[in-house]
Amino acid sequence: METLGLFDTIDGAAGAVEKLLDSGVPEARITTLSGVPIPEGVLVNSGYRRRFHRWTLTGGVLGAILGFFLAAGTAWLYPLQTGDKPIIAIFPVGIVTYEMTMLLAIVGTLLGMLWEMGLPDIERHAYDPELADGMIGILVLSDREEEQRQAAELLTAAGALRLRTDEVPE
């Protein structure tokens, strides 16, 4: 179950987060929603470390390996001797390896971006169209109705302009 409280200022949202934390709501169950970028840790510190760079690095390393084996393996499987030149020449193999490295690094970056953003998100979440107009939302996840009622009371006491309570199917 989710409870969404809308605030018009960041100070009001910060006050709501403080009240929720003081009442014993774990910080991992509080999320900030906003149409404007709010840096991580300003209102809620999720403690989640980004591992975006690992996706790019993994894609680049896989691309280098695949590129090398594509170019060198093709020359090795289909040897075409031309004069005294080596069958596996370093420059063509290097070019193909570089291009595959860049290609899979970009693909890894795109996949990492989608993974870090949680896309595609199939689950239904509480949302209010006012978030796109500059409002700041504090979303509280709860397991029981009593916790949801307490979160709603705390958000209202902190000055929430509007509350949305949705039960999310599991």
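Among (1) closer than 28 Å to Pro129 by Cα; (2) buried (at least 19 other Cβ atoms within 10 Å of the Cβ); (3) at pLDDT 85 or above, where does Gly60 come up short?
(1)
Gly24 - would you say it is loosely packed, with under 13 Cβ neighbours inside 10 Å and either of a type in the set (S, T, N, Q) or at pLDDT 90 or above (or both)?
yes
Take the residues of region 118-170 that are of a type in the set (D, E, K, R) and in a loop (DSSP other than H, G, I, E, B): which is nearest to Ile38 (Cα to Cα)?
Once the filter is applied, the top-ranked residue is Asp128.
List pairs: first in region 128-154 and in the same structural domain as Val36 (by TED's automatic domain parsing) and within 18 Å of Ala14 (Cα to Cα), second assigned to a loop (DSSP other than H, G, I, E, B) and of a type in the set (D, E, K, R), Cβ under 7 Å, 6+ apart or cross-chain?
Listed by first residue and then by second, the contacts come to Met135/Asp8; Gly137/Asp128.
Which residues, counting only those in region 149-170, are surrounded by 14 or more Cβ atoms within 10 Å (Cβ to Cβ) and either of a type in the set (Ser, Thr, Tyr) or modelled with pLDDT under 90 (or both)?
Thr156, Arg164, Thr165, Asp166
For region 78-100, indicate whether the set of residues that are assigned by TED's automatic domain parsing to the domain that holds Gln148, free of Cβ contacts under 8 Å to residues at least 60 places away in the same chain and among the β-branched types (Val, Ile, Thr) is non-empty.
So far as region 78-100 goes, no, none of its residues is assigned by TED's automatic domain parsing to the domain that holds Gln148, free of Cβ contacts under 8 Å to residues at least 60 places away in the same chain and among the β-branched types (Val, Ile, Thr).
Which condition does Glu130 not pass, out of (1) touching a Gly at 6+ places or on another chain (Cβ under 9 Å); (2) crowded, with 19+ Cβ neighbours inside 10 Å, if it passes all the others?
Against the list (1) touching a Gly at 6+ places or on another chain (Cβ under 9 Å); (2) crowded, with 19+ Cβ neighbours inside 10 Å, Glu130 comes up short only on (2).
Matching residues to (1) surrounded by 13 or more Cβ atoms within 10 Å (Cβ to Cβ); (2) of a type outside the set (Gly, Ala, Ser):
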| residue | (1), (2) |
| --- | --- |
| Arg54 | no, yes |
| Leu70 | yes, yes |
| Trp76 | no, yes |
| Pro79 | no, yes |
| Gly83 | no, no |
| Pro86 | no, yes |
| Leu104 | yes, yes |
| Leu111 | yes, yes |
| Gly137 | yes, no |
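Since Leu80 meets every condition but one in (1) of a type in the set (A, V, I, L, M, F, W, C); (2) within 30 Å of Ile136 (Cα to Cα); (3) assigned to a loop (DSSP other than H, G, I, E, B), which condition does it not meet?
All conditions pass for Leu80, except number (2).
Looking at region 34-44, can you tell me whether even one residue there is touching a residue at least 24 places away in the same chain (Cβ under 8 Å) and outside any loop (DSSP other than H, G, I, E, B)?
Taking every residue of region 34-44 in turn, at least one turns out to be touching a residue at least 24 places away in the same chain (Cβ under 8 Å) and outside any loop (DSSP other than H, G, I, E, B).
Taking Val36 as meeting all but one of (1) hydrophobic (A, V, I, L, M, F, W, C); (2) surrounded by 14 or more Cβ atoms within 10 Å (Cβ to Cβ); (3) modelled with pLDDT under 95, write down the number of the exception.
(2)
Scanning for something in a loop (DSSP other than H, G, I, E, B) and at pLDDT below 90, does region 101-117 turn up at least one residue?
no
Quick check on region 1-16. Is at least one of its residues without any contact (Cβ under 8 Å) to a residue 40 or more places away in the chain, part of a loop (DSSP other than H, G, I, E, B) and either within 22 Å of the chain's Cα centre (by Cα) or at negative phi (or both)?
So far as region 1-16 goes, no, none of its residues is without any contact (Cβ under 8 Å) to a residue 40 or more places away in the chain, part of a loop (DSSP other than H, G, I, E, B) and either within 22 Å of the chain's Cα centre (by Cα) or at negative phi (or both).
The values are calculated or read from the model by the stated rules, or taken from the named source; none is laboratory data. It should be emphasised that the depicted structure is a prediction, and the values quoted were computed from it without experimental measurement. In this analysis, Cβ positions are derived from the backbone assuming ideal geometry, glycine residues included, and neighbour counts consider all displayed protein chains.
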